[in-house]
Protein chains: 2
Amino acid sequence: MALIVQKFGGTSVGTIERIANVANKVIKEVKNGNQVIVVVSAMAGETDRLINLAKQVDELPFEREMDVLVSTGEQVSIALLAMTLIKMGYKAKSFLGFQIPIYTDGVFTKARITEIEPDNIQKALNEGNIVVVAGFQGIDREGNITTLGRGGSDTTAVAIAAALNADRCDIYTDVDGVYTTDPNVCPKAKKIKKISYEEMLEYASLGAKVLHLRSVEFAQKYNIKLQVRSSFKDEEGTIVCKEEEIMEQPVVTGIAYDKNQAKISIIKVPDKPGIAAKIFGKIADENISVDMIVQNISEDGKSTDLTFTVTKNDFKKAMDLVKEIAKDIGAEDVVGDENISKVSIIGVGMRSHSGVAAKMFEALAKENINIQMISTSEIKVSCIIDEKYTELAVRVLHDAFELDK
Amino acid sequence: MALIVQKFGGTSVGTIERIANVANKVIKEVKNGNQVIVVVSAMAGETDRLINLAKQVDELPFEREMDVLVSTGEQVSIALLAMTLIKMGYKAKSFLGFQIPIYTDGVFTKARITEIEPDNIQKALNEGNIVVVAGFQGIDREGNITTLGRGGSDTTAVAIAAALNADRCDIYTDVDGVYTTDPNVCPKAKKIKKISYEEMLEYASLGAKVLHLRSVEFAQKYNIKLQVRSSFKDEEGTIVCKEEEIMEQPVVTGIAYDKNQAKISIIKVPDKPGIAAKIFGKIADENISVDMIVQNISEDGKSTDLTFTVTKNDFKKAMDLVKEIAKDIGAEDVVGDENISKVSIIGVGMRSHSGVAAKMFEALAKENINIQMISTSEIKVSCIIDEKYTELAVRVLHDAFELDK
């Protein structure tokens, strides 16, 4: 008898009929002789409905109360799923964050799980129940409701799998796995059978929205084998596991892209110590996250150009702020560009292969796609390019690294 | 500085605008130098929406999960009200049943409050917060969510007032007080200034839906002064208090009526010990509540006629059941009538005045309204009459007892 954690997203529980479909997937595992813990998100659209209610009160609603509000979405889902399982003739019991409890730090709207007590769930399993857990929510040590941020139910599932020492954690979603790249952009994209935690982390942080970033971190930390699979089709998905468990590792595993990027250059920044700290300190104070930063070598020894990227939503706010800062530090000008995107190649195989970045640059150059900025890590290379070339770049790179093979 | 509990029903918090109106009423008390605890219901229509979702899963949904589901309604309300108060510049903190905690027995969907721990609320008040409490919900000793049944938020408010030793408990609703009778039926109906707990209990049990029955029992037990008043008008409502605090007590305080009544007669029931117990035992087993029961004196010493009333919704089920029972015990026939209603006069003054019932019968007789059944208690007289005379009877009795004076 294995213990399996299943997680179903909002689309999968979006209607009463779909909840019945989820129940059938759960029951299938029970009939195979397994114990099952199901983690569910709010019904599709429900979280947005609640956020919209709050925004009618206050554009920036008080965060403690925001968490009280939005956590009701998952509460509705667990009740409906448990009822459905019981109606179908199975024992089921729902659990909210406080009933487990799932403890988090006290950072409302983006809390981190600090501890999960396994006893109450274990008891319910021992009594023959299918355990239905509300994703996305926990409580802090004072008993306040906290939520984990968008996509947090993935993290709930992985953390529960770790706390209960589950044999597997299946993340059911509306796509049927992780692809070499977005199939909408590149029809040759192929489903990846196995991908390492490290690569999946890069995927998640580079804008591919398959899994919540922190859920992958958790899975890596506690070595939980994840499977990303479809709620609607009955086929194998993509396994996320340790690098060592993947026999044939290609040099490049996949291509990610992110159009939600904008670029800001500060021209002729005085080349003095502490200037970068001053600029990026002020930007951070306004809660704007900066992704890539490039600083050229100072030509005249007195001034340098500084370029960085932010998300498109932060662009206007960042431009206004940077113009002020530029005046303050005596820079010459500030130039912005919203029409850029980031294209990245990812693969742990890069570590042992040289020339991977060169191959990328060459493939882009062949199509006359100009590279505006470059950023690299051990297992990825990202290039900022003109936004209109995004799809072309993805297809060219997919071919260059033979990902359809 | 007084401590005031305010309770607002679903209509009062039905939209974001109305929640702002509630916030203003709360702030008014704060500006008067008082501490305030606000208890709120789910937004109008929300509980029905949730029940409808559950019914799509199962006509009789599993009750533990039903409580998990419907308790989200109040959770949404407290979050939105607390946000609104904060947006308006006041400190506010919401509390769910488990966060206080409000302990109940373990009877899902109709739990009773057994204990309220005052410490967490007291602490929040001491820290200068307006405390916003979810009505209708609590937890049992195992941490399961339990709800108190329709109208249960009234009871939450009164129980909180008792636990925190509040100076006043104001129940804001969509009517502006308790009336001598339904103003839609009798335009001469007058708002009652003060009414005793006993009378209010009769009102609640006789079909006037102003206050939840158990909330009045609680108020009486802990001697909490209640005020029923309008959410939408700024005027005094009706005080519900001890009989001794009402100076001028009229003989009859008000007239109630209930059209949701049906009558079943079993003809020629063998006059033997244990027969009534058998009949009503079986009816109770089916969860049908019986209101009035009348049994005539046995004429021939062998058989008697037995008549009782049920609600109209239970009528068909009860008739089918009683026909079976009648066959079983050898009764002659079963006759049903759905076209009846109950009209009642209520008043603690009856205790010290004779001739009140006679005056009622006389007033009805004058209009040729036939009385089919009579039931009395110390402080009320109820008559079953033909349904079509209900409104006439109410007006006639209102005049006879000079309730417009």
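For B:Ala358, project a label point 7 Å along Cα to C-beta. Then give me every residue of the range B:378-397 with its amide nitrogen under 19 Å of that point. Residues passing the 19 Å test: B:378-383, B:397. By Cβ position, the chain B residue that hugs the axis carrying B onto A most closely, with its distance in whole Å, is B:Thr72, 2. In a simple Cβ point-charge model (Lys, Arg +1; Asp, Glu -1; nothing else charged), chain B has a dipole of about 920 debye relative to its Cα centre. For B:Asp399 and B:Asn339, the difference between the fully extended length at 0.36 nm per residue and the C-alpha to C-alpha distance is 19.1 nm.
Rounded to the nearest 500, the helix-only mean residue ellipticity at 222 nm of chain A stands at -10500 deg cm²/dmol, with each DSSP H run of n ≥ 4 adding -39,500 (n - 2.57).
Provide a whole-number value for the mean count of partner chain Cβ atoms within 10 Å of the Cβ atoms in peptide A:90-101.
Numbers: counts 0, 0, 3, 5, 7, 2, 6, 0, 6, 7, 1, 1.
Average per residue, whole number: 3.
Sorting B:304-317, B:92-105, B:56-69, B:150-163 by average packing, meaning the other beta carbons within 10 Å per residue, from highest down gives B:150-163, B:92-105, B:56-69, B:304-317.
Rounded to whole numbers, the Karplus 3J(HN,Hα) couplings from phi for the range A:255-260 are 10, 10, 9, 8, 7, 7 Hz, using 6.51 cos²θ - 1.76 cosθ + 1.60 with θ = phi - 60°, and x at Gly and Pro. Annotation for the range B:299-347: GluC sites (Glu not before Pro) lying in DSSP loop with at most 13 further Cβ atoms inside 10 Å of their Cβ are B:Glu299, B:Glu332.
Rounded to whole numbers, the Karplus 3J(HN,Hα) couplings from phi for the range A:184-192 are 5, 8, 10, x, 7, 4, 10, 5, 8 Hz, using 6.51 cos²θ - 1.76 cosθ + 1.60 with θ = phi - 60°, and x at Gly and Pro.
For the pair the range A:268-283 and the range A:111-178, the centres of their Cα atoms are 43 angstrom apart. The charge dipole of the protein assembly as shown, taken about its Cα centre with unit charges on the Cβ of Lys, Arg, Asp and Glu (plus for the first two, minus for the last two), comes to roughly 100 debye. Across the identical copies, the label point of B:Lys278 (7 Å from Cα in the Cβ direction) is separated from its matches by 10.0 nm, in order from shortest.
Taking label points 7 Å from Cα along the Cα-to-Cβ direction, A:Asp119 and A:Ile293 give a separation of 4.7 nm.
Residues whose amide H lies under 5 Å from that of B:Gln227, counting only those 5 or more places away or on a different chain, are B:Cys169, B:Asp170, B:Ile171, B:Val240; hydrogens are built 1.01 Å from N in the peptide plane. Toward the positive end of the charge dipole of the range A:219-274, about the Cα centre and with charges on Cβ (Lys, Arg +1; Asp, Glu -1), which of A:Cys241, A:Gln261, A:Ser230 goes farthest? Of the candidates, A:Gln261 comes out farthest on the positive side. Charges were assigned to the Cβ only: +1 to each Lys and Arg, -1 to each Asp and Glu. The resulting dipole of the range A:268-372 about its Cα centre is roughly 320 debye.
Anisotropy class assigned to the range A:255-400 is prolate, per the alpha carbon gyration tensor with a/c at or over the 1.5 cut-off and a/b larger than b/c. Peptide B:50-63 has a mean shielding of 5, counted as Cβ atoms of other protein chains within 10 Å of each residue's Cβ. Per-residue shielding of A:67-77, expressed as the average number of other chain Cβ atoms within 10 Å of the residue Cβ, stands at 5. Label zone (A:Glu367, point 7 Å along Cα-to-C-beta; backbone nitrogen cut-off 11 Å) within the range A:174-215: A:186. Phi angles across the range B:371-388 convert, under the Karplus curve 6.51 cos²θ - 1.76 cosθ + 1.60 with θ = phi - 60°, into 3J(HN,Hα) values of 8, 8, 8, 10, 9, 10, 10, 4, 10, 7, 10, 10, 10, 8, 9, 4, 4, 5 Hz, Gly and Pro given as x. Rounded to the nearest Å, what's the spacing between the alpha carbon centres of the range B:382-405 and the range A:329-387? Just the number, please. Comparing the Cα centres of the range B:382-405 and the range A:329-387, I get a distance of 86 Å.
Read-outs: derived from the displayed coordinates by stated rules, not from any lab. Just so we're clear, the structure is a prediction, and the values are computed from it rather than from any experiment. Note: ideal-geometry Cβ built from the backbone for every residue, glycine included; neighbour counts use all protein chains shown.
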